[in-house]
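Notes follow the structure.
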Amino acid sequence: MLRRTKIVATLGPASNTPEALERIVRAGVDVVRLNFSHGTAEDHQRRAEMVRAAARMAGRTVGILADLQGPKIRVRKFEKGEIELAPGDHFILDAAWDKPGNQERVGLDYQELPNDVAVGDVLLLNDGMLEFHVTAVRGSEVHCTVVRGGALSNNKGINRKGGGLTAPALTDKDKEDIKTAAQIGADFLAISFPRCAGDIELARELMQAAGGRSLLVAKIERAEAIPVLDEIIAAADAIMVARGDLAVEVGEAAVPGLQKRMIRLARARAKLVITATQMMESMISNPIPTRAEVSDVANAVLDGTDAVMLSAETAVGEYPVETVTAMARICRQAERERVDSLEDRRLVDNKCSRIDQSIAMSALYAASHFNVKAIVALTQSGSTALWMSRVSAGVPIFALTPVQETLTKVTLFSGVHPIAFHSASQYPSVVLHEAEQELKRLGMVEDGDLMVMTVGEAIGESGHTNTLKIVRVGELQIN
């Protein structure tokens with residue numbers, strides 16, 4: 001059974017060798033995430049080359065996601081690496097403190113914190129594990145009372161409950177990293193902590209100026225992003241339900257509902273969506289997932305996410321291959337159970353603004369009403385395959401294209417499987433026949449199977465898909 005839902009895995013020490021990377025690619029990774037919070041431009045170039053080499057060795061097409069660090073809203077380092085704070089303790093976050101931290105205070109990477117908070121604000125540190133209440137702001141010092149204590153160690157993050165920190169989404173480092181992402185040919189660029197559509201538009205301008213053509217992923221992790229979610233989705237090519245920082249800012253109980261809403265909105269607007277954060281967290285140190293993690297991944301699939309993402313599980317975990325294997329198994333099982341009563345209505349009610357969109361919707365409608373083995377989209381840009389991926393017809397979609405950039409970009413499209421394909425002919429019937437033969441060679445279809453095929457009469461040109469054929473394998477006529 002071909003898997004609809006894609007798997008994004010983060011590269012790190014546990015997977016940062018050719019052998020380890022090839023193993024997780026063979027286990028089912030579709031997109032590899034390069035975390036730009038760590039490493040130099042040369043490191044990212046080397047890692048991108050390693051991803052592509054591993055994909056070739058595994059005989060698979062794999063995309064590359066460059067994930068920008070975003071603003072560093074963090075404490076600095078401590079004299080002894082960490083301190084222990086108890087409820088009732090007084091502690092100072094000091095933007096002017098340039099010495100190692102101690103039991104009384106610590107410096108800040110984020111110099112604007114004293115200007116962004118007021119007495120009564122709640123600050124959450126280390127992914128919400130510690131809770132501070134602001135009691136005074138004196139110059140560079142933010143005085144706090146510890147409400148929920150625990151260990152506070154080097155470089156832990158700071159969130160203001162309810163949002164409101166003014167740090168820009170794109171730092172100077174991010175702007176340089178966008179150039180690096182363009183140079184390495186990243187297929188996807190993730191923007192951390194966007195507050196509005198303007199952050200995404202600026203990133204796109206910088207990417208295009210650098211010569212890159214990455215699809216832009218808006219990571220929804222700020223409270224301020226929720227009221228303008230529609231605008232951010234419209235500006236981006238994809239969103240990431242980044243549940244870690246988002247849960248800290250809006251409260252963990254709000255996240256499941258927001259996740260469903262974000263997935264629904266993104267799919268309705270023909271945008272991609274990745275669900276991320278702690279999906280298989282226990283597998284960092286255990287060979288099997290918890291039942292709750294199985295349900296979490298399955299529910300994201302049932303919601304209609306394009307992809308599920310692994311972070312520490314494959315970056316630093318002890319069982320990266322087992323984690324990917326388990327996630328792939330869960331996705332396949334959830335896809336068997338998926339029943340979406342709205343699919344037929346969306347096919348009927350969807351208003352098409354483009355010819356290729358109407359062809360894509362017609363192909364899905366035909367596939368959902370016939371016993372079709374495959375949908376085949378001969379595409380240059382991948383746009384027809386993207387439209388098809390927005391509705392689940394329960395049939396695998398094969399994107400056949402001669403364009404390498406398109407092959408790697410469709411790795412994130414749910415239900416779409418990339419196949420490198422080139423025809424020297426300018427005649428659609430010949431091209432369709434050659435495509436049928438390639439699918440037979442790969443074992444995807446056999447004589448007698450019914451297929452829905454789409455192609456453009458202007459062979460080799462983007463945006464010209466205008467033909468749909470329902471054919472029985474072995475009976476396609478060349479004319």
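The values are calculated or read from the model by the stated rules, or taken from the named source; none is laboratory data. Owing to the predicted nature of the structure, the values given are computational and were not obtained by experimental measurement. Areas reflect the complete protein model, heavy atoms only, side chains present, ligands, DNA and RNA absent. Shrake-Rupley method; radii C 1.70, N 1.55, O 1.52, S 1.80 Å.
Quick notes on this one:
- Global size of the chain as Cα Rg and Dmax, reported in angstrom: 24.0, 83
- Residues Cys144, Cys352, sorted by accessible area with the largest first, give Cys352, Cys144 [1.4 Å probe; ligands and nucleic acids excluded].
- Accessible heavy-atom area order of Glu322, Glu475, highest first, probe of 1.4 Å: Glu475, Glu322
- Beta bridges by DSSP in the chain, antiparallel share as percent, to the nearest 5: 40
- Debye log10 I(q)/I(0) for region 57-127, one point scatterer per Cα, at q = 0.20, 0.23, 0.26, 0.27 Å⁻¹: -0.95, -1.20, -1.38, -1.42
- Region 352-426 - percent relative contact order, Cα under 8 Å, separation 6 or more: 27
- Taking the centroid of alpha carbons for each part, region 127-141 and region 33-58 are 38 Å apart.
- Residue-wise HN-Hα couplings along region 432-437, as the Karplus relation 6.51 cos²θ - 1.76 cosθ + 1.60 with θ = phi - 60° gives them from phi, are 4, 5, 5, 5, 4, 5 Hz; Gly and Pro carry x.
- Pairwise centroid distance, computed over Cα atoms, of region 1-30 with region 351-376, Å: 31
- Here region 246-305 was treated as a single set of alpha-carbon atoms; its pair distances binned every 10 Å from 0 give 21, 47, 28, 4 percent.
- With 10 Å bins beginning at zero, the pair-distance distribution over Cα atoms of region 315-454 amounts to 11, 36, 35, 14, 4, 0 %.
- Solution diffusion estimate, µm²/s, Stokes-Einstein, region 29-182, Kirkwood Rh from C-alpha pairs, 37 °C, viscosity 0.692 mPa s: 189
- When the listed pairs Lys271/Lys440; Lys440/Lys469; Lys175/Lys260; Lys72/Lys260; Lys173/Lys271; Lys219/Lys271 are checked against a 22 Å cut-off, the alpha-carbon distance exceeds it for Lys271/Lys440; Lys175/Lys260; Lys72/Lys260; Lys173/Lys271.
- Each residue was assigned an accessible area with a 1.4 Å probe, and for Glu201 the value is about 100 Å².
- With DNA, RNA and ligands ignored, accessible area of Ser353 (1.4 Å probe; Å², nearest 10): 100
- For Phe413, the accessible surface of its heavy atoms amounts to roughly 10 Å² (probe 1.4 Å, protein chains only, rounded to the nearest 10).
- Karplus (6.51, -1.76, 1.60) ³J(HN,Hα), θ = phi - 60°, over region 5-22, in Hz, Gly and Pro reported as x: 6, 8, 10, 9, 10, 8, 7, x, x, 6, 10, 8, 10, x, 5, 5, 5, 4
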